[in-house]
Structure formats: structure tokens, C-alpha cells
Amino acid sequence: METIKQKENINEIRNRLLNQQRKLQRRKILSNRSLLIGALILLAMVLIAVLAPFIAPYSPSDMNVPNRLMPPSAQHLLGTDEFGRDLLTRVMYGARVSMFVGLAVSILSSVFGLIIGLYASYFKTLDHILMRISDGLIAIPGILLAIALMAALGGSIWNVVIALTVVFTPSIARVVRSSAVVIREQAYIEAVYMQGAGHFRILWGNIAPNVLSPLLIQATFIFASAILSEAALSFLGAGIPAPEPSWGNILQASKLVINKAWWVAVFPGVMLILSVLSLNLLGDGLRDYFDPHISARNK
Amino acid sequence: MGDYMLTYIFKRLVSIVPVLFVVSIAIFMIIHITPGEPASVLLGLEATPEEIEALNEQMGLNRPIYIQYFTWIKNVFKGDLGDSIFMRMPVADAIRDYFPPTMSLAILAQLIALIIAIPTGIIASYKRGKPIDTALMSVSLLGMATPGFLLGLFLMLLFSVQLGWLPVAGYRPLSMGLGTHLYYLILPAFSLGVVQAALIARMTRSSMLDVLYNNYIKTARAKGIKEKVVLLKHALKNASLPILTVLGQSFGTLVTGAVVIESLFNIPGMGQLVLNSIKRRDIAVIQGVVLFITLIYVGVNLFVDLMYGVIDPRVRLDRK
Amino acid sequence: MKKYSKIKIITIILILLLTLSACGGNGETATTTAPGTTPEYKDTLIIATTAQPPTLDGSLTASQVSLTIAGNIFEQLYTMNKDYEPTPDLAESYTVSDDGLVYTFKLREGVKFHNGKEMTADDVVASMNRWLEVSARGKTLLGGSVFAKVDDYTVTLTVPKVTSDVITIIATRTFFPVIMPKEVIEAATPEGVQEYIGTGPYKLVEWKQDQYIHLVKYDEYTTIPGESSAYSGLKSAATPNLFFYFVQDHSTRIAGMKTGEYDIIENVPLENYDELKDAEGVVLYSKPSGSLNAFFNTQQGVLSDVKMRQAVMAALSMDEIMLASYADTAHFTLDPGYMNLNQPQWAVKTGSEFYNQKNPDKAKQLMAEAGYNGETINLLTTPDYQEMYTATLVVQEQLRQAGFTVEVIALDFPSFMSTKGDFGKWDIFITSNGYNIIPPMILAVNSSWAGFDAPEVALGLAAIREAGSYEEAQQAWADLQQFMYEYGSSTAIGHYNTSMATRDSVDGFVYFDLPIYWNVVVTK
């Protein structure tokens, strides 16, 4: 009796353990899956963006005014816009703008954020000044700050990149700083300093490599936010000026013809959702990859 | 405890001052490098450059920037935010007029978000790993990826243009009746609420998961307490801290960041006010509104931090 | 207990929302008048305008919304009838001295301002002299003129030189020289008058920022009896309350018209014209109201060469630009003229050989002759005005096809205005310009508008203003228009219609250059 019961117990425990392990694996696959799906969709977007000039059926600027607002057909798979331009072509070229803005903003704000965050974590006075400034910039709603900057700079793709970089750099700087402060307090940094390493070497040789993973995760989300912000800015008429096609400015134009031509709103909208979704998935996936502990909680 | 609380609040309030300074200087500088004059808006499309220049001179907008800034900041300390060039009223009055729509929108959006998110999060955590969990979390991922203005556009296409059930856009104040008020606000609030709902649902789920596998929940279950009570009373209460954080943040975003939705649905709120003022180069209004919005943002954060202490007395407020 | 009440509240709200979404659509049901009875009229007329006016001070702005609303509150000495003839309004009559330099106006007696004060010569002199000082075009056209009081009901206007259009200028709606109380004029700041007190059939009750303006019938208004003709004659304030809602969003205006929420909507967007045409209970009004023009930089840059300007004009296809900007051929007219197509005296067709050429080959040849080498042509525009923006994009594409290198500079409105003043930064801009009464008032001949300052313009304008007869003036304008096309300072692209819609219960509405509301009634 006794042994059987113990056996049962052991079996139960083993089953439970197996179960847990399976769960863990499944979770890992799941998280990998989000990384995978995200990367795949993003890859597709990037391909469309890069290959647009070769695969698009028409030129994005060719107008055919009498043919305006034609519904999707064999000739124009996604229909035409208010100038009779091919919507499919314009949506493909729109991917170029979105991908470019997203990439440029995430790279630029990562670079500036890294520099600012690192130095702020290391020098007390500088920290106070930089963090007060970033507090201020963060406190202004991002979209308002971007709109004001765009009014000042004028509408162009580079100006959108500049404005959004100003908006997103402080949040990256904060992430970098908080990770760097933790590392800085660790004993081995002290040891390196004792050995006579200079501030520059400690900062870039010892601290910087350790903040790269949170930076990468944050940069992925900034990529998504930048795409969204560009779309919102262009939607308000403060972003990429026509005739350069961007999903945001196609959506803006769609609002005027919404009761006549649903397709002008729907297709760029779906693309926008897909690309943001892919980046969010990718970001989640990366976070799981770098920090399985957090992932277990969030997933 | 009381003294300690007060000191903490006081410290936090003092720390707002440099933030506001940075904000005001940043905005002032941005507006200053922005080309274009309020005079040209006042005079309209057909005005000639000479007319614009003359009006500018008369309005004192040709003075050096630092003089304009110091005049402004001096008045702010006296409690005077200045006057709007266009609206012919003090900026404070303009804020008072434009704040209610934004507030209504934010409250309704938050309500919608909560109604969707809390049950979703609880169900998902309870059915963790089951198809329903996966389905709900996938939908929430989609919700997080859909910007409010796009959802608004789609909803407008469906409910207003195709079905004709709801107004395309516009705003009716509460004074015209709660029904009318809500009838006009429902689409924008929903568009705004969904993204927040997705966020809150995910947060609720993960906080619930943290709690659900704790011993006291197991004990509660072992005691034979009904599952519903376990979930809602014991688990949710203990999971409420992180949820509250997200809630505070999301309310902050709702109040401060509804610019695009307000513009899409033509709601005369703070976002529209500041957007129009940027277009009109009405600097006093831009400054006043941005300061006000910043204050709200900081205020909401402070409130959330204080709530931590109320919900869980173990939390020390000055942990930073 | 607490939780319970929260749940209750939420449930109530949910039920509310559900009921709303279920039955929200239907507004009030229209009541039909029983046959045989006289129709009953509503006491409120609701008008949806496109934007909030920047000000109601007509001396400062030429904005259409301002003038439409202000026209109910303020009045002029003279105003226009439907044939564009100056007709007495606050003045009774005028005489001109033999040398043609002194105009003497007899004022109507017993006219009361909205503050109860009687209008006298002092108010007229103060208002008109401020207008001469503040309104830039008043200054340009009547510079050096001055009003003076003779007695309480007589004023004089002394002009520096003889022209034939003095009364026309005073009577025009576009610059709106209105009469306000002297005290209001004296308290005015550069931003405008502080109070809106006029003599018109309506007075201002409330201006809710970014929402509406509410006007109410002025009970002591004394109208000129007799027939009403455009801005002149009888003004009855037939509906006691006028509400002007500012509804920027087009779809909202359209939806509001269909449901009957608004009695009248201004500016029916072209995309929605057909939709309203098919809608039940809606009446549409449409008329030419201005021209879309392209202005060339004659001062600096690539286009300072006349050959290049002609090359640009050769490349343009006006049909396409107008179609893209105004959606349907029903909404525009192709015509090289700059003036109102309904004003026979000024609607001349000279310069038509330069208009709508659609000839890229000729453009290429002219470019070669000018030695064009791919320098960028900058098109300045603002997305804040949809039709100007759209036209600019089509022009860009047409010029690109013809072989020009073209860039669009899109700025918000204030930046657009200030950049326009900088000749180093643009080569072409396109604006839609409302009609003006006489050629000297149009922007195409105004040197500070786009920098077009050829001496022939001033001479041509003088010839028009000092001409002895109708035909002589007409010929002088035809010659000037021809010169402008040859010189390539600008080109008309086309003339656009503006449309408005009313419910079919609205009666007595007149859509002249601006909509006229004071004789409108709405059956219940």
C-alpha cells in the first residue's frame, strides 16, 4: 500500500514535471513563433519596399485623371486614387517611406540615446541636466512635439526623421541610462577602474556592450512607433507631403473620398497594421530571447 | 505617515518646476523658428506681404524672442497665461472651454477600455494556454498594432458611411443631453479605447498569472471558496498594482494624446485647440495648453504613485 | 456595496449605449403642414459653414466666411444689386463735384446701431477713414482720400484724382467698408475692433469659439422698403435666429444636410455633390465664384526668363488640372479670363492663345531656346487648401512629363504666406481667388502679391480707371489681360463653381457672390 502510494506520488510528480517541461517548451516555441512571424512579415515589408521600383505595375506618379477613383479591377488590383494613380503601386512605394522612416528614426535615436544615456549614467552633473531635459521632452505628448517641429521644419521625409528622432531619443536615453547605472554599480567595473582604465574605455568597452540588448528591444518598438507616428503626422497633413506616397498621406486623402472609395482607406491601413504588428511581435520575441525570465511572466 | 506623505508630495511638486521650464523654453524656441506669422492667418489668403508686415509690427510680434519669453514667463508667475490673438479671450478661458470634450472622451475611452480589458485579461489568465487564451491574446496584439485614427477611419467607414448608424463626426456638449453627448462620442472613444484595452488586457493577464499560482490562492481554493470569488476578490485585488500603473499611463495618454482622433472626428478638445493654434501661430495658446497638458500628465503620474501607497502600504514612495 | 453600485453604473451606461446605437439614427420626424393653412416658420435657421471666421472685422479680412456672417451684422454706405450696380444702403444718395474730386453723401436718417445709438456723420467719418487706413486695398485704390463731416447727415469724400470707380469700390462686398459706432472704431486695436456693433438686420449674441456664432434679429432695424436685389433693398430678418456652426469636416456637413440637422450648408464638397443631388429633400445651388490661377516668379530664378514661363504655359493641360481639383466637368469652366464670367464688361478672352495649350513639344522647344538645363522649378503650395494643393500636384506631373525638374514645397498656411514673399524660394504657386468687382482689385495685377511689377500694368490700370466709357474701359482691360499672358506673369487655370445646399423647406434663399440669409424662412 505504502509503496504504491509513493509510486503514484512519484508518477504524479514526474507527470507534473514533464507537463511543466512541455509547457516550457511550448512557451519557448510560442515565443520563438512570435519572433519568427514578426521577422517574416517584416521581411516581406522590407522586400516590398526595396523591390517596389521593379515589381510595381505602374509609376507612382503617373496620373490619369479621367480614371480617378476606380474600384479594384484586373488592371488596377487595388483600384485608383483621386488622381487616377494606381493604388497598388502607391501602397508599395508607401512601404519604402514607412520602412525608411522607421529604420532611420530607430537607428538615429538609438545612437543619440546610447550616447546620452551612457554619459548620463556616468557623470552626476551631466545626468541632472540631461535627465531634466529629457523629463521635459517626454512630458510633452510626442505627437504634439512632432507636429510643432514639423511646422517649424516644413514637410519632407528627412524632416519627419529629424522630428521623430527628437521625440524618441529621450526614451531610449532613459532605457540605456537605467541599465547602465545597474552595471556601473557592479564590482567588476570598479575593478577595471582600479586597473587604471579611462572613463572612455569603461563606458564604451565595459558598460556599452551590456546595454545593447535592452537597447535593441527598445529600438524595435521605436521602429514601430516611428512608423505609426509618421502615418499619424502625414494623416494630419504635417508629415510627408504629396506626391511622395506614404500610407499616412494616402489615408489622409482617403478621408475626403471615404463615401465613394473605401479601397483608398482600407489597403494602406492594412499594410500599416501589418508592419506595426510584425515589429511588435519581433520586439516581444527579442525580449523573450534576451530575458527568458521576464518572458515567462509576460507570455 | 501623514507628514511623510506631505513631504513626498511637496518634493514631487517641486520637481515639476524644472520640467515645466524645459517644456516652455522648448516650445518657445520651436515656435520662434517656425516661419509664418499670425498676421497672415488673420488677414487671410489674399493678403499681400505689406499688409502682413504692417499688422505684425502693430501686434508687437517683431520684438526679440527673449524679451517675448520673459514677458510671458513673468505673467505666468502672476497667474496670467496671456491672451489668444484669435479667440479674443484669455488663454485660461480657452483651456476651460476646450478641456471638457477631451476629458469626456478620455473618460469614456477609459471606460470602454476597462470593460473590454479586465474580463479579457481575467479569462485569458484563467484559461492560460488554452485556445481561447491564444485567440484573445492574438486579438489584443492586433489591437495594439492598430493606431486609433485608423480604427476610427474604418469604424467611420462601417458605422457612419455604410450603415449610417452613427454620426460621421462632430461633438455635442453634455448640456445637450447625455444621450446626444454619448451618441457623438462613442466612435471616437471606442477608437481611442481599443489600443488601451489591448494594453490593459495583456497587463491584467500577466499580473493575474503572477498571482494565480501563489500559495494563498491555492489555499483559498483548497478552502473551497468559489472560483469566481477567488478570481475576482483575491487574485484581482493582488494583481491590481501593475494594472493600476498601466491604467494611469493610459489615462495620461488619453487626456494628452487624443490629437489625431479629435482631428478625425472634429471634436473641439485640447488637441484641436493646440493643433489649430500651431496653424495660426497663436503662441500664447500653444504655450498655455502644452503647459497645462504637461501638468496633467505629471499630475496623473503622481496620483498613480500615491495610489500605490494606498493599495499596498508596503510600497515605499521614495523608492527612487 | 461600493462595487455593486459601480457595476450598476456600468450596466446603465451599457444599456444606454446599446439603445443609442440602435435608435440613434432617426432625428426629429418632419411634420407636414396641413393643407389650406398658412405654413408656420421655424424661429431658427441653422447654417453649417466650413470654418470659423478669423474675425468679423471686414476692414481686416477678405475671408469669405467672415464676410458672409458679417454681412448680416454690418452695412455699407452703398452696396451691390444683382446686376453689380452700386445701390444706396446706409446712404440715401450722392453727388459729385464738377471737378470730379469731391463726393457728397446724404445719409439715411433714423438708422440705429445695435447699441441703440443713432448713426450720424461722426460714425461714418470714423469708420470710413479707419477703413481707408487699415484696409490695404482701400489704401491702394483710394489712397490719399479722406472723409469729412458736413452736418449730422452729410459727409464728403475727397479723392486725389478722378477715377470712374469710386462708388463701386465703396460698394464692394470684398473689402466691406462698413459703418460702426465711432466709439467702437476708436477702441479698435491692430487685431481689430473689440465689439461687433453694426446697423444690420441681425446682431451678434454669442460667439462660441470653434463651435458657432449666434445672431439674433435686431428689432429696431429699419429696412429699405421694396424689392430685395442681391445685397441691396429689403432685408427682413425673416427668421429671428441665425446659427452659424463651424463644421470643418466635410462628411459631417453632408450628413447633417441629409438628416436635416442643418438647414443650409455652405461649400458642398465636390466629391459629395452627386450624393446630395440624389438625396431627398435637398436643393443644390451652384455658381462660378472665382478662378484658380497659377502665378510665376518673374523676379528671380529659372522662370525670370519669359521663354521659360511660356514653356511652362505651353505644357499645361487645364482640363486635367481642373478635373482633378474640382472632380466633375459640371463644377468648372475653362476660360482664360481673370474676371467674373457673369460680368459682361470684364469677361474678356484675350490671351487665349497662351491658355490650355497642352503642347509639351512646344514646351520642349521653348525650354531649349531658353537654355534650360534641368534646374529645379519649385512649386509652392499649402495642403490647408485642398484644391490648390491638388492642382499643384497635377501641374507638377504635367511639367515633369514635359521634361522640367519639379519639386513641390508643401507648407502650412502661415509658412506658405511668408515663403511666398521670398522670391528666392519659389517659382510657381497656385491659388484660388474669389472674383473681384473691378480689374484693379484682382491679385494678378497686384505687384506685392507675386512680384509682378512690369510698368505696363500700372499704365493699363490707370487707363481702365480713367476711361471715359464702358467700352473704352473694357478695351483697356482686354489689352492688359493680353499683355499679362504675353509676359507670362500668371495664367488662369479655370473658373470654379461653388455649391451650397439647403433643405427644401428653406425659402427665400439667394446665393449671390456670397450667400444671403436675411430673407430666408424655413417651414416647420
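Only the coordinates and a few stated rules stand behind these numbers; no lab work does. Nothing here was measured: the structure is a model prediction, and the numbers come from that model. Because the Cβ atoms are built from the backbone with ideal geometry, glycine has one as well, and the counts that use them run over all protein chains shown.
Okay, here's what the table says:
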read-out: Anisotropy class of chain C from Cα gyration tensor, a/c 1.5 cut; value: oblate
read-out: Computed magnitude of the charge dipole of the stretch A:120-255 (debye, nearest 20; Cβ of K, R +1, Cβ of D, E -1); value: 140 debye
read-out: Spacing of the two label points (7 Å from each Cα toward its C-beta) at C:Ala148 and B:Leu178, in nm; value: 7.0 nm
read-out: Most positive-pole-ward Cα, C:Val155, C:Leu204, B:Leu212, against dipole of the protein assembly as shown from beta carbon charges; value: B:Leu212
read-out: Exposure proxy ranking, count of Cβ atoms within 10 Å, fewest first, for B:Lys223, C:Lys235; value: B:Lys223, C:Lys235
read-out: Estimated [θ] at 222 nm from DSSP helical runs (n ≥ 4, -39500 (n - 2.57)) normalised by residues in chain A, nearest 500; value: -26500 deg cm²/dmol
read-out: Flagged links, alpha-carbon separation over 25 Å, of A:Lys255/C:Lys420; C:Lys106/C:Lys139; C:Lys117/C:Lys161; C:Lys42/C:Lys203; A:Lys260/C:Lys42; C:Lys42/C:Lys208; value: A:Lys255/C:Lys420; C:Lys117/C:Lys161; A:Lys260/C:Lys42
read-out: DSSP beta bridges in the stretch C:288-497 [antiparallel fraction, %, rounded to 5]; value: 65 percent
read-out: The protein assembly as shown - charge dipole about Cα centre, Lys and Arg +1 at Cβ, Asp and Glu -1, debye rounded to 20; value: 8500 debye
read-out: Long-range tail of P(r) for the stretch C:288-497 (Cα pairs > 27 Å, %); value: 26 percent
read-out: Relative contact order of chain B, defined on C-alpha pairs under 8 angstrom at six or more residues apart (%); value: 25 percent
read-out: Cβ-defined net charge surrounding C:Ile321, 12 Å radius [Lys, Arg +1; Asp, Glu -1]; value: -3
read-out: GNM flexibility winner over chain A from A:Leu43, A:Leu286, A:Leu114 (Cα, springs under 10 Å); value: A:Leu43
read-out: Relative contact order (%) - criterion: Cα under 8 Å, at least six apart; region: the stretch C:122-242; value: 18 percent
read-out: Among A:Leu118, A:Leu256, A:Leu274, residue whose mean-square fluctuation peaks in a GNM of chain A (springs only between Cα atoms under 10 Å); value: A:Leu256
read-out: Distance from the stretch C:81-110 to the stretch C:299-342 (C-alpha centre basis), Å; value: 39 Å
read-out: Members of B:Lys127/B:Lys226; C:Lys362/C:Lys425; C:Lys307/C:Lys358 lying beyond 21 Å, as alpha-carbon distances in this model show; value: C:Lys362/C:Lys425
read-out: Residue-averaged 222 nm ellipticity for chain C, from DSSP H runs of 4+ at -39500 (n - 2.57), nearest 500; value: -9500 deg cm²/dmol
read-out: Calculated [θ] (222 nm, deg cm²/dmol) that DSSP helices of n ≥ 4 give over chain B, each run adding -39,500 (n - 2.57); value: -24500 deg cm²/dmol
read-out: Relative pair counts by distance (%), Cα atoms of the protein assembly as shown, 10 Å bins; value: 2, 9, 16, 21, 20, 14, 9, 5, 3, 1, 0, 0, 0, 0
read-out: Kyte-Doolittle at least -1.0, axis length at least 24 Å by Cα - qualifying DSSP helices, chain B; value: B:2-33, B:91-126, B:178-212, B:236-256, B:283-311
read-out: Highest-MSF residue in chain B out of B:Thr102, B:Thr120, B:Thr134 [GNM, Cα springs under 10 Å]; value: B:Thr134
read-out: Simple Cβ-charge dipole of the stretch C:36-190, Lys/Arg +1 and Asp/Glu -1, about Cα centre, in debye nearest 20; value: 400 debye
read-out: log₁₀ of I(q)/I(0) at q = 0.11 Å⁻¹ - chain A, Debye sum with one point per alpha carbon; value: -0.78
read-out: Förster radius 41 Å - calculated FRET efficiency between C:Lys42 and C:Glu186, Cβ distance, rounded to 0.05; value: 0.55
read-out: GluC sites (Glu not before Pro) within the stretch A:132-231: DSSP coil, no more than 10 neighbouring Cβ in 10 Å; value: A:Glu185
read-out: Equivalent ellipsoid, chain B (semi-axes from 5 times Cα gyration tensor eigenvalues, Å); value: 44, 27, 15
